[in-house]
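The values are calculated or read from the model by the stated rules, or taken from the named source; none is laboratory data. Since this is a predicted model, take the numbers as computed values, not measurements. Neighbour counts are summed over all protein chains in view; Cβ atoms, including those assigned to glycine, are modelled from backbone coordinates with ideal geometry. The area values use the complete protein model at the heavy-atom level, side chains included, leaving out ligands, DNA and RNA. Shrake-Rupley method; radii C 1.70, N 1.55, O 1.52, S 1.80 Å.
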Amino acid sequence: MMFLKLKAGALQLTMFVVVVIALLLAAFILLIHTHKTFKTQTDFVIETVNNADKGIHHALNNDFRLNDTISVSLNDQDYKTLKVHQDYWGLFKKVTAVSKIKTKVFKKIALTGTAQPEINRTALYLQDNNRPLVVVGHTKIEGVVYLPKQGVRTGNISGHSYYGEHLIYGTERTSSQLPKLPLETHEQIKSIAHIYKGVDSEYFLDLNKSRTYQNSFYSPLQVIYDPSIINLSEISLTGHILVQSETKIVVDASSKLRDVVLMAPKIELTNYVEGTFQAFATKEIIVGNNCKLNYPSALVLKEENSTTEVVGNIKETPFIKIQKGTKIKGAITYLGSTKNYKSQVFIDEGASITGEVYCNKNLELLGNVYGSVYTAGFVANQSGSVYQNHIYNGTIEVDKLPQEYIGLPFKNTKKGIAKWLY
């Protein structure tokens, strides 16, 4: 019998080929495993993000108690959880959704409010006080309008009559009492003045140490507080920050404010201020010339029983004043109790509001509102006289308000997202 002898080199080559094939197979198996693991992890991340969105939309479509954290059922395995918390940031509700799948956690925070109806949007709701609406000059009202039973007629101020072709460019309906904001909203506005009392001292900021602060809405609230006047000049504040004075806040054009909340009895914005913020006062809010407040900004004055001052035997009632050339995108809200023939909200000529104006007393409109006006009455102060329920050269056009606008939280209305927070 003969045996075939192989050279050592051939055996080594065979072993080398076997080893290479084994390594390739191992690498292929490892690649498949890694790919499956990566896909699973990617799917978990995507699902975690999608579940957070589900949490936000659950809050939009369901009512639950404020400051509560609820668990949303996912009808899935126990290692997947979704929790939703609801509180306020200024005038808007703040919804936080926390989604978790195993070790993957994703959070989302949104400001929410009332969405605009698709059709028949309200341009004007004027409370029925047994007086007609009187339009004078170049006044223009376009959209669905709720008027007193006496309707609308033309008037004359200092020789100026009404110059429009139609009294109302839209549908007229009969009004009654002014729609009310929810009690929850009133309580929230009132509570802002006391929020700082529940904040730990470590979260109080010192403007003497730094002029720039940023705070994420995922972090605890930070507060700038001073019982005396706060001058916000050459300062930058961004995010989850409350600025509060027991006297007055003055915002200079050199400041940069983004998404913060201001709280003081009196708030003044000097000329050319730009930013995105919410301001809450009890006595007065004055916005200078050519300011620009971006969406979603809010100016809110809620009168307190003690806020009516006596100056020279004349009672000075709280007011909001918007001066010439200013542009505001958001909501202006006046909630007062003092009744007189003065204007509690004054919008000067050349000023424009893209959003909503809500005034439960008297509004003087010389400028433009691209959106909706809700008021108990109008006044026009011209040539030393006060004209009740008159609009002089004012404009209200709801069709110029973007459909995506999210605003004041009226009852029984669809909710939407005003802004995603960071």
Item to complete: Give the residues of the stretch 205-216 that are free of Cβ contacts under 8 Å to residues at least 60 places away in the same chain and open to solvent by less than 70 Å² (accessible area, probe 1.4 Å), sorted by residue number.
Response: 205, 206, 207, 210, 213, 215
Discussion item. Just the residues that are open to solvent by 70 Å² or more (accessible area, probe 1.4 Å), in a loop (DSSP other than H, G, I, E, B) and without any contact (Cβ under 8 Å) to a residue 24 or more places away in the chain, please, taken from the stretch 159-194.
Written reply: 165, 166
Fill in: Residue that is modelled with the highest pLDDT, among those in the stretch 27-51 that are closer than 18 Å to residue 78 by Cβ and of a type outside the set (Asp, Glu)
51
Worksheet item: Being in a loop (DSSP other than H, G, I, E, B), open to solvent by less than 50 Å² (accessible area, probe 1.4 Å) and closer than 20 Å to residue 189 by Cβ, is that true of even one residue in the stretch 274-292?
Response: yes
Item to complete: Look at residue 100 and say whether it is modelled with pLDDT of 95 or more, open to solvent by 70 Å² or more (accessible area, probe 1.4 Å), farther than 21 Å from residue 411 by Cα and in a strand (DSSP E or B).
Response: no
Item to complete: Determine whether the stretch 167-187 contains at least one residue that is closer than 30 Å to residue 305 by Cα and of a type in the set (Val, Ile, Thr).
Response: yes
Practice prompt. Answer yes or no: is there a residue in the stretch 295-309 that is at pLDDT 95 or above, among the basic types (Lys, Arg) and either open to solvent by 10 Å² or more (accessible area, probe 1.4 Å) or farther than 19 Å from residue 237 by Cβ (or both).
Written response: yes
Worksheet item: For the stretch 132-150, does any single residue satisfy the condition of being β-branched (Val, Ile, Thr), in contact (Cβ under 8 Å) with a residue 60 or more places away in the chain and open to solvent by 60 Å² or more (accessible area, probe 1.4 Å)?
Response: no
Worksheet item: Which number in (1) touching a helix residue (DSSP H, G or I) at 6+ places or on another chain (Cβ under 9 Å); (2) over 15 Å from residue 278 (Cβ atoms); (3) not in a loop (DSSP other than H, G, I, E, B) marks the one condition that residue 231 misses?
Response: (1)
Worksheet item: Which ones in the stretch 393-420 are aliphatic (A, V, I, L, M) and open to solvent by 20 Å² or more (accessible area, probe 1.4 Å)?
Response: 417
Worksheet item: Could you say which residue among 380, 418, 376 is more than 19 Å from the chain's Cα centre (by Cα), part of a strand (DSSP E or B) and farther than 16 Å from residue 179 by Cβ?
Response: 380
Discussion item. For the stretch 310-341, give me each residue that is assigned to a loop (DSSP other than H, G, I, E, B), within 24 Å of residue 246 (Cα to Cα) and either touching a helix residue (DSSP H, G or I) at 6+ places or on another chain (Cβ under 7 Å) or at pLDDT 75 or above (or both).
Written reply: 317, 318, 336, 337, 338
Fill in: So residue 358, is it open to solvent by 30 Å² or more (accessible area, probe 1.4 Å) and at pLDDT 95 or above
no
Practice prompt. Would you point out which residue out of 345, 250 is β-branched (Val, Ile, Thr), farther than 30 Å from residue 416 by Cβ and either more than 16 Å from the chain's Cα centre (by Cα) or open to solvent by 10 Å² or more (accessible area, probe 1.4 Å) (or both)?
Written response: 250
Discussion item. Any residue that is at positive phi and either crowded, with 20+ Cβ neighbours inside 10 Å or part of a strand (DSSP E or B) (or both) - is there at least one of those in the stretch 114-125?
Written reply: no
Response to the item:
If we keep only residues of the stretch 63-94 that are of a type in the set (Lys, Arg) and part of a strand (DSSP E or B), then the residue most open to solvent (accessible area, probe 1.4 Å) is 83
